[in-house]
Amino acid sequence: MKFGVFLPVSGRAASRKTLMEAAQQAEALGYDSVWAADRLVIPWKIDTVYPYSREATFIVPPDRPFFDTMTCLAFLAGCTEKIALGMSVMVMPYRHPLHWARIATTIDQLSSGRLILGVGVGWMKEEFAAMNTPFKERGKISDEQLTLLQHLWTDEHITFHGSYYNVDDIAFNPKPFQKPRIPIWVGGEGKYAQKRAGIFGDAWFPYFVRVTPKDLAAGFDNVRAEAKEAGRNPDEVELACCLPVELTPTAGPQITDYLKGSVDQVAERLQQFMEIGVVHIGLQFMIPHYPERREQIERFAREALPELKAFVRS
């Protein structure tokens with residue numbers, strides 16, 4: 001079982017020093033991965049409902065910094081030695097696949113195979129408008145990018161003709177450091193995301209603000225069914241997820257569908273997620289002030305990580 005933590009890539013804390021210290025601290029504390037969120041622009045007015053906060057509104061004000069995901073991970077590849085570097089998640093339609101695949105493959109090479117490629121289709125209509133990318137076609141665009149990606153990472157002479165991308169007899173080298181490829185973790189929570197994970201993913205990687213282990217398992221059953229329908233072995237697709245966490249000094253009400261409570265309460269709930277087959281959890285500690293967030297990351301590592309990593313499913 002593996003655990004990761006989110007990096008301070010946005011907000012007042014975002015800086016070269018805090019990024020480097022956060023990744024090195026996570027590595028020293030025994031976390032398995034660090035995760036960078038993805039955002040290219042933040043509109044001043046956002047009407048689209050944000051599905052990844054309790055208030056359903058976007059949590060980073062537009063006047064705060066927000067670093068580029070892949071640039072941060074490339075920087076941290078040279079500042080760390082063993083911790084995995086994850087995207088949670090890169091919005092594929094914002095970038096041309098030949099461009100982002102080149103960057104991702106370079107990070108994988110320079111980190112000696114530590115990249116986890118979390119991918120998604122996006123959610124913010126206003127950001128799609130700014131990027132001049134069709135919001136309603138984002139799923140089809142993303143599926144075609146993932147299809148092209150398979151050719152880029154395996155073929156020597158690459159020819160591909162789709163509805164959005166066309167290439168004729170190009171080379172793409174080097175191939176990923178990891179074999180057979182960089183792990184593709186497909187984000188998203190709905191039925192289309194589950195289908196995409198079943199067809200293309202090495203893992204289904206949703207971010208649920210509120211979810212029970214039972215409901216997460218039901219979603220993963222759909223992913224496995226989609227993998228089988230696509231002619232894949234369902235066992236080739238793993239279950240990973242991101243979960244927000246709020247640690248309290250003392251025990252509170254019993255946790256139902258949101259991870260808020262004492263370290264012991266949160267650890268007990270995480271074991272229930274591990275029981276249903278989750279193999280990797282990215283934890284986002286929901287503390288706005290970074291020094292306190294860093295303290296919670298340290299506290300969780302000291303008081304919960306050793307026991308959780310030793311946990312064996314019954």
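The values are calculated or read from the model by the stated rules, or taken from the named source; none is laboratory data. Note that the structure is a prediction, hence the values are computed from the model and not measured. Note: ideal-geometry Cβ built from the backbone for every residue, glycine included; neighbour counts use all protein chains shown. We work out accessible area using only protein heavy atoms, side chains counted, and drop any ligands, DNA or RNA first. Shrake-Rupley method; radii C 1.70, N 1.55, O 1.52, S 1.80 Å.
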So which residues in the range 93-126 are without any contact (Cβ under 8 Å) to a residue 40 or more places away in the chain, under 18 Å from the mean Cα position of the chain (by Cα) and open to solvent by 10 Å² or more (accessible area, probe 1.4 Å), if there are any at all? Arg95, Ile103, Arg114, Gly122
Within the range 261-314, considering residues that are in contact with an Asp or Glu (Cβ under 7 Å, 6 or more places away or on another chain), open to solvent by 10 Å² or more (accessible area, probe 1.4 Å) and of a type in the set (A, V, I, L, M), the one nearest to Ile83 (Cα to Cα): Val279
Cβ pairs under 7 Å, 6+ apart, first in the range 246-271 and within 15 Å of Val211 (Cα to Cα), second of a type in the set (Phe, Trp, Tyr): Gln271/Phe311
Considering only residues that are open to solvent by 40 Å² or more (accessible area, probe 1.4 Å) and among the aromatic types (Phe, Trp, Tyr), look in the range 39-56 and name the one that is nearest to Glu127 (Cα to Cα). Trp44
Subset of the range 23-41, residues in a helix (DSSP H, G or I) and either at positive phi or among the small types (Gly, Ala, Ser) (or both), comes to Ala23, Ala26, Ala28
Show the residue pairs meeting these rules: Cβ distance below 7 Å; 6+ apart or different chains; first residue within the range 9-38 and closer than 18 Å to Asp68 by Cα and open to solvent by 40 Å² or more (accessible area, probe 1.4 Å); second residue not in a helix (DSSP H, G or I) and not hydrophobic (A, V, I, L, M, F, W, C). Arg12/Arg64
